[in-house]
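S.K.: Could you have a look at this structure, given as C-alpha cells, before my questions?
The values are calculated or read from the model by the stated rules, or taken from the named source; none is laboratory data. Since this is a predicted model, take the numbers as computed values, not measurements. Cβ placement follows ideal geometry from the backbone for every residue including glycine, while neighbour counts extend to all protein chains displayed.
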Amino acid sequence: MKESSTNEHRHLQGKFALVTGGSRGIGRGIALKLAEKGAAVAINYIQDEAAALDTLAKVQERGAEGFIVRADVSQPDEIASMVSQVREKFGALDIFVNNALGNLLGFMSPPMQVTLEQWDEAFHSQARAFFVGVREVADLMRDDGRIVTISYWPGSHLGGFLPYFAMGSNKAALEAMCRYYAVALAPRGITVNAICAGITDDSIVNRLPQEAQEAMLSWLRSGWTPMGRPGTPTDIGGAVATLCAEDAGWITGQTIVADGGASLMSPEVPLDFQRP
C-alpha cells in the first residue's frame, strides 16, 4: 500500500520535461512541481544563470535530474538550439511547457500608443515562440506527451487592462493555437492545453512598482479572489503537473483557469453581496 502511494505521488517518473522561462517565478514553480512528481527537467533561462542554477539545485533536492539551458525564445534559432540540447541530454521529451514571458514590462502600452516595435516584441516572445517551440519539439516528443502553455484570462478574454494589450492579444492567440495543435497531435495521444494563471505572488508581479504590487495583491486578499489570497508558483505548478498526468489524457484543446476563483467574481455587484 505504501509503495502504491509513493508511485502515485511520483506519477511522472521516467518523463522528460522542458520548461521555458523556468528559472524564476511561475516557471520555477512549474519546474519544481514536475520534479516533485518525478520528471527530469530542462530549465530554460535567458539572463539570470544564478537563478537557473538555484532552481536546478532545488530540482535535484526533489530527487529528479535536470540541466539548465540558455535561450532567448524570441529567436527561432535559439529555440532550435535549446531543443537540440534537450535531445542530446534526454534523448526524448514528454512534457513541453511554454511559459517564458519575454520583456513584458518593455512592451506594456495601451492599444493606441503601442509601437510597432513593442507589438513585434510581444509577438516574437509569445505566439511566434510557441509556434516555433511546438514545431521544434514535435519530433522529439514521445507519443502521449503533454504540451502546456501559460496564459492569463483577463488579458486574453477581457479588455480593461489597457497596457496589457500586446501581451493579452498574444495570449489569446496562444489559447487558439492550443485548439488547433490539439486536433493535429491527437492521433499521437499528445494533449495541448492552456493554463490561465491568476495574479501570482513571487512572479513578474513583484517586478512592478511597489505601489502597484500592493494594490493588486491587497485587492485579491480583500475578497476579490474567493480563496482570499493571490496565487503562488506552486499553485500553478500543481495545475500543470495535473494536466501532465496519465489520467489527464482525455483533456485537450482546453483553456483552464487557475486563479482561486477570481474570474468568478462580478465587477457589477458589490463585493459584500458576493462573499459568503
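S.K.: Looking only at helices (runs of 4 or more DSSP H) that lie completely in region 1-117, which have at least 3 residues being in contact (Cβ under 8 Å) with a residue 24 or more places away in the chain and surrounded by 14 or more Cβ atoms within 10 Å (Cβ to Cβ)?
M.R.: 25-36, 49-61, 76-90
S.K.: Quick one: would you say G133 is at pLDDT 95 or above, within 19 Å of V73 (Cβ to Cβ) and not hydrophobic (A, V, I, L, M, F, W, C)?
M.R.: yes
S.K.: Scan region 231-243 and give yes if some residue there is crowded, with 21+ Cβ neighbours inside 10 Å, at pLDDT below 85 and not in a helix (DSSP H, G or I), otherwise no.
M.R.: no
The rows are residues; the columns are (1) at pLDDT 90 or above; (2) in contact with a helix residue (DSSP H, G or I) (Cβ under 8 Å, 6 or more places away or on another chain).
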residue: V192; (1), (2): yes, yes
residue: I195; (1), (2): yes, yes
residue: I199; (1), (2): no, yes
residue: A212; (1), (2): no, no
residue: A215; (1), (2): no, no
residue: L220; (1), (2): no, yes
residue: W224; (1), (2): no, yes
residue: D247; (1), (2): yes, no
residue: F273; (1), (2): no, no
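S.K.: Tell me which residues, restricted to region 93-128, are within 24 Å of A248 (Cβ to Cβ) and small (G, A, S).
M.R.: The one that is within 24 Å of A248 (Cβ to Cβ) and small (G, A, S): A100.
S.K.: Is at least one residue of region 195-218 in contact with a Lys or Arg (Cβ under 9 Å, 6 or more places away or on another chain), within 24 Å of G249 (Cα to Cα) and not β-branched (V, I, T)?
M.R.: Yes, the conditions are met somewhere in region 195-218.
S.K.: Of all residues in region 143-185, which are touching a residue at least 12 places away in the same chain (Cβ under 8 Å) and not in a helix (DSSP H, G or I)?
M.R.: Those that are touching a residue at least 12 places away in the same chain (Cβ under 8 Å) and not in a helix (DSSP H, G or I): D143, D144, G145, R146, I147, V148, T149, I150, S151, Y152.
S.K.: Follow-up question, since we're still on this one. Determine the pairs where a residue that is part of a helix (DSSP H, G or I), located within region 210-226, has a partner that is surrounded by fewer than 14 Cβ atoms within 10 Å (Cβ to Cβ) and modelled with pLDDT under 75 with Cβ atoms under 8 Å apart, the partner being 6 or more residues away or on another chain.
M.R.: Pairs that qualify, where the first residue is part of a helix (DSSP H, G or I) and the partner is surrounded by fewer than 14 Cβ atoms within 10 Å (Cβ to Cβ) and modelled with pLDDT under 75, are Q213/N206.
S.K.: Follow-up. Which count do you get for residues in region 174-185 that are aliphatic (A, V, I, L, M) and either buried (at least 23 other Cβ atoms within 10 Å of the Cβ) or touching a Phe, Trp or Tyr at 6+ places or on another chain (Cβ under 9 Å) (or both)?
M.R.: Within region 174-185, residues that are aliphatic (A, V, I, L, M) and either buried (at least 23 other Cβ atoms within 10 Å of the Cβ) or touching a Phe, Trp or Tyr at 6+ places or on another chain (Cβ under 9 Å) (or both) number 2.
S.K.: Any residue in region 186-197 that is crowded, with 19+ Cβ neighbours inside 10 Å, assigned to a loop (DSSP other than H, G, I, E, B) and not hydroxyl-bearing (S, T, Y)?
M.R.: yes
S.K.: For region 122-137, indicate whether the set of residues that are of a type in the set (D, E) and more than 30 Å from F16 (Cβ to Cβ) is non-empty.
M.R.: no
S.K.: Could you list, in sequence order, all residues of region 118-129 that are under 25 Å from G160 (Cβ atoms) and either of a type in the set (D, E, K, R) or assigned to a helix (DSSP H, G or I) (or both)?
M.R.: Q118, W119, D120, E121, A122, F123, S125, A127
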